[in-house]
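Report on one structure; see the data block that follows.
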Amino acid sequence: MATRKVTLSLDSGALEFAERAAKAHGISVSSWLSKAARREAVRTGYTPQKPEPAVAESDEAELTAAEKDLRAQG
């Protein structure tokens with residue numbers, strides 16, 4: 001999956017939470033935030049609009065993983 005560099009602003013509490021969660025999962029904060037954003041999008045019913053074929057395959061795998069994670073969490 002292609003990555004883009006962006007600048008985000010988080011309050012200090014959210015950043016600390018993300019840092020601790022990422023560390024606990026053994027991944028970078030960027031990776032953890034990306035996964036958290038996808039999980040939240042799936043949870044709130046977001047579905048992508050006609051993505052590029054290569055992106056669609058990657059997104060489908062990510063969405064499937066996010067849905068699996070949500071089901072496992074109950």
Checklist outcome for this item: For the range 9-49, the Debye formula with one identical point scatterer on each Cα and no solvent gives log10 I(q)/I(0) at q = 0.21, 0.34 Å⁻¹ as -0.68, -1.07
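Could you pull out the longest piece of the chain with no exposed loop trypsin sites (Lys or Arg not before Pro) in it, calling a site exposed if DSSP puts it outside H, G, I, E, B and it has at most 15 other Cβ atoms within 10 Å?
Numbers: sites that count: R4, K5.
So the longest stretch without any such site is 6-74.
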Next on the checklist: If you count only protein heavy atoms with a 1.4 Å probe, what accessible area per residue comes out for the chain, rounded to a whole Å²?
Outcome noted: 84
Checklist entry - With +1 on each Lys and Arg Cβ and -1 on each Asp and Glu Cβ, how big is the dipole of the range 9-49 about its Cα centre, in debye rounded to the nearest 20? => result 220
Next on the checklist: Please report Rg (one decimal) and Dmax (integer) in Å for the Cα set of the chain.
Outcome noted: 13.4, 38
Checklist entry - At what distance in nm do the modelled label points of S28 and E67 sit from each other, each positioned 7 Å from its Cα along Cα→Cβ? => result 2.9
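The values are calculated or read from the model by the stated rules, or taken from the named source; none is laboratory data. Predicted model, so just to flag it, every value in this text is computed and none were measured. Neighbour counts are summed over all protein chains in view; Cβ atoms, including those assigned to glycine, are modelled from backbone coordinates with ideal geometry. In case anyone asks, the SASA skips ligands and DNA or RNA and just uses the protein heavy atoms, side chains included. Shrake-Rupley method; radii C 1.70, N 1.55, O 1.52, S 1.80 Å.
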